[in-house]
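S.K.: My questions all concern the structure below.
Bear in mind that the values in this text are calculations on the coordinates, not laboratory data. Keep in mind that what you see is a predicted model, and the values were worked out from it rather than measured. Cβ atoms come from the backbone with ideal geometry, glycine included; neighbour counts cover every protein chain shown.
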Amino acid sequence: MTDSRLHSRSREVSQSKVSRRNLLKSAALGSAAVIAAPYVKGAYAAGSLSLGVWDHWVPGANNTLTKLCNEWGAKNNCQVTIDYITSQGEKDKLTAAAEAQAGTGHDIMSHRDWNIRIHQEVLEPLDDVVGKLIAQYGPISPVAEYLAKIKGTWRGLPTTTGSQVKPCCSRFDLYQQHAGIDVRDIFPADESKWDKAKVDNWNWDTYLTSAQKLQQAGFPVGLAMGQTSDAVDWTGALFNSFGVVMVDGKDNIKIDSDETRTALEYMKKLMAANPPEVYAWDDAGNNRWLISGKGSGIMNPPSAWAVAKRDHPEVAAQCWTHPMPRGPKGRFVGQLPQFYGVWSFSKNKVAAKDLLLYISQKDSVAQLVQASSGYDLPSFKTMYDLPTWQTVEPPLGTVYGYPPRGDEQTSIAGAPARSEVGAQIYNQAINTVMVAKFTQGNEKLDDVIKWAENELEGTLRV
Amino acid sequence: MADTVQTWSPGMRSVGLPVLGSQNLRLFLRRRSTIAFLMCLPLIVIIVGLVIYPAFYSIYLSMLNKTQTRFIGLDNFNFLLSRDVFRMVVEQTAIFAISAVFFKALIGLITAHLINNLPAKGQRKWRGMLLVPWVIPLALSSLGWWWLFDPTHSAFNYILESLGYDDVQWLGNPYWARFSVILVNVWYGAPFFLIMYLAALKSVPEQLYEAAAIDGANAWQKFRHITLPMMRNIIAITVLFSLIVTFANFDIVQIMTGGGPRNMTHVFATYSFMLGIRSGDLPLGAATSLFMFPILAIAAVLILRGVRKRGREIG
């Protein structure tokens, strides 16, 4: 800096006057800086935090989350505002996409299924939060890890709210009467009483035989085969249990395999035991099927049971949620977790992380699970001992088998491909379209596999 | 020049605009074109902000790679053309739009003639009733139709079954599903054609029909040689508008079938939504939605050129 410039600058400073307005402005800025900047957990820390959260379909479930957030806000002198955003018409995803593009919006946003990967570039790392929870509660769901841990960094925190698996929800009376199977006897509401031989015998062959009997009796199972998540999830679980791999982790297309052929041949028989409308069902189709009393079983979270409890209690009283059948490569259930993400453009990241940690504690999770009648599923297996799943009724213990227990593993269609590839496979419903082409369209098996290879090749686009 | 500098009204000069002070500003504001521009400005801002900017932004997006980090030119379009499903979507959109517009135009023309031949008192009643499908928000009416076609509890199937017929998989069978979405589009869009054609019919001079009747022309000859030529421009414009809107249709397919079964009812908008929003590939979604733009633009130019030519001939 030259002497002349120094001189002129000092003259400017000396000429500036301390007006009343400047003084007030400086004081206000100083106070704001003191209040807002150093957020320290547990300390007095004003500010505000806004959340955009998936709007829960269970009446009252949102209130519990609001209560938890307000509790945290009161303790930390932080004003929390929550916008509950419906997933109808993908409004939550549209909102997230708009906020990501605009670089402004809520501090915390909930993301369904693959959205963490989609917005990874504008999501704050949450390794510290997830790390603390893993240290507290043990291993986390591998599906959650697959979806939210990107290149070794957690970009999303698995939520309890809205996270789900899609096991069997069966009418035990119809199964007993028409197929001679007592699902309550195989899967009683106490895992320690499960008989290994009986559980092992609950496999896809048994499922097919029972489905055929139930169809003959006029109460077919209703397995969605449209292009929405319920269909994709259960089909993905079945494919996994037959050992089908679409694309492996190294971008190799593996769909042309004996496992795929076996699974599709099996599907041909199974879909023939379903009503023809399953190809047109959205995610509510199977629920309506069970609730109507026409259906004997679906693959779904306990939402169908919960609605039946309200609208057709006599149907709800005969429902039992239990693990999926076992296949040659194991027993898998489709899992669809939700996540909280903190935008990188959030103004209050430290507070956001602390709030997330608070609502992920087991005490908070217990309240959320209770508020949703057991629908919401945490991603930590050590939390599956919460009392809600044992106490919910009717009948008592009906959703005990909802959290994966025994040898049931969680899975998601599209894995183990890179999550960028998996998202395409999942969202384009390549697995269910394959099944529909083969079973409904009566296309040749080789043609279906060739079609799938072409589509999978497209998902590898960089 | 008179057009641009003439005063707003003769009295304006005597009233003057003393508060403005400046003579130049006064002259500026007195120009009709200036006032017109200022009055249009809110609309221009809205169109620029909500139509032109998003359009150019989507063109820009369509030329980026999946992660929006690299410019890749037309690669997204090339990629789409190499995909079986996309080629099927192109075919389906064409079937959907062309057949829907054809039936909308046909039904619109027939009903417009029927209403035009009604006494004036009855016309108003029928016009109002037949416009109802067009007035109801499309998302709402699509939901109503979806209920009628519901895969498990279809009201139509209930009637069919009660008459002793087998039920129809309206949305479960891909071909019936295509029929269903086209039917709903025709139901929704036909009133637009009706009202346009009715207006056109009313503008045909009655003397022409009288002269034709004296010459012994029958109804068909009157229609072919008087009505149709007089309506050619309005038919061309309505077909063009409807074609553009139908090619871009989203609500009906998304609500009724979501593009299924087996992707066999997807149209550009729903496929673009699936790729861009659900799968997170915004550039590919943008490329899909823009795919028909050049074809529709050429069609628009040709149709509008024909309209102008005929307009000059008549003038």
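S.K.: Just counting partner chain Cβ atoms within 10 Å, what average do the residues of peptide B:278-285 show around their Cβ? Don't skip to the answer; put the middle values down first.
M.R.: Numbers: counts 12, 10, 14, 7, 4, 0, 3, 0.
Average per residue, whole number: 6.
S.K.: For segment A:342-390, just list the percent of Cα-Cα distances falling in each 5 Å bin from zero outward, please.
M.R.: For segment A:342-390, the binned pair fractions read 4, 21, 25, 17, 12, 12, 7, 2, 0 percent.
S.K.: Right, something else. Hey, could you grab the Kirkwood Rh for chain A? Inverse mean 1/r over distinct alpha carbon pairs, Å, one decimal.
M.R.: Hydrodynamic radius (Kirkwood, Cα pairs) of chain A is 23.9 Å.
S.K.: Return a whole-number percent for the relative contact order of segment B:79-314, with Cα pairs under 8 Å and 6 or more residues apart as the contact set.
M.R.: So the answer I get is 27 percent.
S.K.: Further, regarding this structure: Which chymotrypsin sites (Phe, Trp or Tyr not before Pro) in segment B:137-234 pass both tests, a DSSP loop state and at most 13 other beta-carbon atoms within 10 Å?
M.R.: B:TYR165
S.K.: Calculate the FRET efficiency for B:TYR60 and A:ILE134 from the Cβ-Cβ distance with a Förster distance of 51 Å, rounded to the nearest 0.05. Present the calculation step by step, with values, prior to reporting the outcome.
M.R.: Numbers: r = 42 Å, r/R0 = 0.81.
The computed FRET efficiency comes out at 0.75.
S.K.: Is it possible to state the helix-based mean residue ellipticity at 222 nm for chain B, with each DSSP H run of 4+ residues giving -39500 (n - 2.57), the sum divided by total residues, to the nearest 500 deg cm²/dmol? What is it? List each step's numbers first, then the result.
M.R.: Numbers: 18 runs with 224 residues, N = 315.
It lands at -22500 deg cm²/dmol.
S.K.: 7 Å from Cα along Cα→Cβ at both B:ALA297 and A:ALA197: what's the point-to-point distance in nm?
M.R.: According to this spin-label approximation, the distance is 7.4 nm.
S.K.: Continuing with this model, one more query. Could you tell me which of the pairs A:LYS254/B:LYS66; A:LYS381/A:LYS437; A:LYS151/A:LYS196 are separated by over 30 angstrom between their Cα atoms in the structure shown?
M.R.: In this structure, A:LYS381/A:LYS437; A:LYS151/A:LYS196 exceed 30 Å between Cα atoms.
S.K.: Count the DSSP beta bridges whose two residues both fall in chain A, then state the antiparallel fraction as a percent rounded to the nearest 5.
M.R.: The antiparallel proportion sits near 60 percent.
S.K.: Quick one: which of A:303-310, B:39-46 comes out on top by average Cβ neighbours within 10 Å, and what's the full order, highest first?
M.R.: Going from most to least packed, we get A:303-310, B:39-46.
S.K.: Could you work out the local net charge near A:GLY422, counting Lys and Arg as +1, Asp and Glu as -1, over the other residues with Cβ closer than 12 Å to its Cβ?
M.R.: Surrounding charge for A:GLY422 is -2.
S.K.: Provide the convex hull volume over Cα atoms per residue for segment B:79-314, in Å³.
M.R.: Value for segment B:79-314: 158 Å³ per residue.
S.K.: To continue, here is another question. Show me the trypsin sites (Lys or Arg not before Pro) within segment A:123-215 that DSSP assigns to loop and that have at most 10 other Cβ atoms within 10 Å of their Cβ.
M.R.: A:LYS151
S.K.: For A:LEU336, what is the net charge nearby, where nearby means another residue's Cβ is under 10 Å from its Cβ and Lys, Arg count +1, Asp, Glu -1? Please report the intermediate quantities before stating the final value.
M.R.: Working: positive: A:ARG112, A:LYS166; negative: A:ASP113, A:ASP230, A:ASP233.
It works out to a net charge of -1.
S.K.: Can you give the FRET efficiency to the nearest 0.05 for A:THR86 and B:TYR165, using r as the Cβ-Cβ distance and R₀ = 56 Å?
M.R.: Calculated transfer efficiency: 0.90.
S.K.: What order do you get for A:HIS56, B:HIS113 when you list them from fewest to most C-beta neighbours inside 10 Å?
M.R.: Arranged by neighbour count, lowest to highest, A:HIS56, B:HIS113 become B:HIS113, A:HIS56.
S.K.: Let me ask you something else. Rounded to the nearest 0.05, what FRET efficiency do B:ARG224 and B:MET129 have when you use their Cβ-Cβ distance and R0 = 22 Å?
M.R.: Approximately 0.15, to the nearest 0.05.
S.K.: Using 0.36 nm times the number of residues separating B:ALA248 and B:GLN23, minus their current alpha carbon distance, what extension gain do you get?
M.R.: Net length gain for the segment: 75.9 nm.
S.K.: How compact is the protein assembly as shown by the rule of thumb for globular proteins, expressed as Cα Rg over 2.2 N^0.38 Å?
M.R.: 1.16
S.K.: I'd like the mean, over residues of B:253-259, of how many other protein chain beta carbons sit within 10 Å of each residue's own Cβ. Intermediate values should be presented prior to the final figure.
M.R.: On the way: counts 0, 2, 2, 2, 4, 7, 4.
For peptide B:253-259, the averaged partner shielding equals 3.
S.K.: Another one. Which order do the peptides A:351-358, A:371-378 take when ranked by the mean count of other beta-carbon atoms within 10 Å per residue, highest first?
M.R.: Ranking the peptides A:351-358, A:371-378 by packing returns A:371-378, A:351-358.
S.K.: Give the average over all directions of the projected area of the C-alpha convex hull of segment A:147-285, one decimal, in nm².
M.R.: Answer in nm², one decimal: 11.2.
S.K.: Per-residue Cβ counts within 10 Å, from other chains only, averaged over A:428-437: what number is that?
M.R.: Numbers: counts 8, 7, 1, 0, 3, 6, 1, 1, 6, 3.
So the per-residue partner count for this stretch is 4.
S.K.: Per DSSP H run of at least 4 residues, take -39500 (n - 2.57); add these up for chain A, divide by its residues and hand me the 222 nm value, nearest 500 deg cm²/dmol. List each step's numbers first, then the result.
M.R.: Details: 21 runs with 210 residues, N = 462.
Calculated from helices alone, the mean residue ellipticity at 222 nm is -13500 deg cm²/dmol.
S.K.: Express the relative contact order of chain A as a whole percentage, based on alpha carbon pairs under 8 Å and six or more residues apart in sequence.
M.R.: After rounding, I find 23 percent.
S.K.: With only alpha-carbon pairs counted, each pair once and no self-pairs, how large is the Kirkwood hydrodynamic radius of segment A:327-460 in angstroms?
M.R.: For segment A:327-460, inverting the mean 1/r across all distinct Cα pairs yields 18.4 Å.
S.K.: Next question. How do the peptides A:121-128, A:429-436 rank, highest first, by the average count of neighbouring beta carbon atoms within 10 Å per residue?
M.R.: Numbers: A:121-128: 17.9, A:429-436: 27.4.
Packing proxy ranking, top to bottom: A:429-436, A:121-128.
S.K.: Right, another one. A:LYS193: net charge of surrounding residues, Cβ under 13 Å, Lys/Arg +1, Asp/Glu -1, itself excluded?
M.R.: So the environment of A:LYS193 carries a net charge of 0.
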